[in-house]
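The values are calculated or read from the model by the stated rules, or taken from the named source; none is laboratory data. Small disclaimer: the values here were computed from a predicted structure and weren't measured. Methodologically, a virtual Cβ is constructed for each residue, glycine included, from the backbone with ideal geometry; neighbour enumeration extends over all protein chains shown.
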Amino acid sequence: MAILRVAQLGHPILRQVAAPVKPEDLSSPEFQRLCDDMLETMDEYDGAGLAAPQVHVSLRVVVCALSRERPAEFFINPVITPLTDELSASYEGCLSVEGLRGRVERPNHVRVEAFDRDGSAKEYVLKGFPATVIQHECDHLDGVLYIDRADPRSLAFLAEYRRHGPLVTNPEDYDDDEEGEEYEGEDDDLDEEIDDDPNDPTDEDTR
């Protein structure tokens, strides 16, 4: 495994629409090595997630940790469907936009369909913080950075953000006490916000 160089804001690859991964490529040594390297790179930089374009590979591949209790997992050729019009806000950061934070509003309830690195299909229904994480990472696959969605008045360098706190906030959707390297927001009981069996008819989130 190897730690890969992370592309920074201004590199053209961050503005490209990434190509889908071909099913026949999933089991190839080259693709599996990419997955291993992405995972090691995310861990090295203490990120909550990483998309392939961030490491100069224009493929629709994302790895992220949806909660502290769950291991990081891969989402290949992901498709996200919002399940509500309700938006939640959090302060986001990005390994490709070093030293900056900004307030972003996103749908707080989404469905994600994707393939795992072994080719198996999976489908999750996500709420709250996990929904924010997956949307942030999948934006990279379409050449979108969180700063494109952020309230411009909220943007702050990390040192000033930590010193003065958020410039724009709503007490209902932001927890001032929560800090993280990639995302700041409420992330208690995250496993309760991840439904990895969305076909269960007893789950109100899938009705």
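Things to note:
- Every listed requirement among (1) over 15 Å from PRO130 (Cα atoms); (2) surrounded by 14 or more Cβ atoms within 10 Å (Cβ to Cβ); (3) in contact with a strand residue (DSSP E or B) (Cβ under 6 Å, 6 or more places away or on another chain) is met by ASP37 save one, (3).
- Residue match in the stretch 86-94 (condition: under 16 Å from ASP195 (Cα atoms), surrounded by fewer than 20 Cβ atoms within 10 Å (Cβ to Cβ) and of a type outside the set (S, T, N, Q)): no
- Any hit, the stretch 120-130, residues being touching a residue at least 12 places away in the same chain (Cβ under 8 Å), closer than 16 Å to LEU66 by Cα, small (Gly, Ala, Ser) and touching a helix residue (DSSP H, G or I) at 6+ places or on another chain (Cβ under 9 Å): yes
- Spans of strands (runs of 3 or more DSSP E) in the stretch 1-92 with at least 1 residues modelled with pLDDT of 95 or more, touching a Cys at 6+ places or on another chain (Cβ under 8 Å) and of a type in the set (Asp, Glu): 73-82
- Each residue in the stretch 153-166 was checked for being touching a residue at least 40 places away in the same chain (Cβ under 8 Å) and either small (Gly, Ala, Ser) or under 25 Å from PRO82 (Cα atoms) (or both), and 3 pass.
- Filter pass, LEU59 being surrounded by fewer than 23 Cβ atoms within 10 Å (Cβ to Cβ) and closer than 24 Å to ALA121 by Cα: yes
- Among the residues of the stretch 4-34, the ones that are within 14 Å of VAL63 (Cβ to Cβ) and surrounded by fewer than 14 Cβ atoms within 10 Å (Cβ to Cβ) come to 1 in all.
- Close contacts from the stretch 16-30, counting a first residue that is more than 22 Å from VAL144 (Cα to Cα) and a second that is exposed (fewer than 15 other Cβ atoms within 10 Å of the Cβ), with Cβ to Cβ under 6 Å and a gap of 6+ residues or different chains, come to LEU26/GLY119.
- Residue, nearest to GLU98 (Cα to Cα), within the stretch 121-147, restricted to residues that are among the acidic types (Asp, Glu) and within 12 Å of the chain's Cα centre (by Cα): GLU137
- Filter result (of a type in the set (Phe, Trp, Tyr) and either in contact with a Pro (Cβ under 9 Å, 6 or more places away or on another chain) or not in a helix (DSSP H, G or I) (or both)) within the stretch 151-169: PHE157
- Options ASP118, ASP176, ASP139, ASP148: the member that is modelled with pLDDT of 95 or more and either among the aromatic types (Phe, Trp, Tyr) or over 22 Å from THR84 (Cβ atoms) (or both): ASP118
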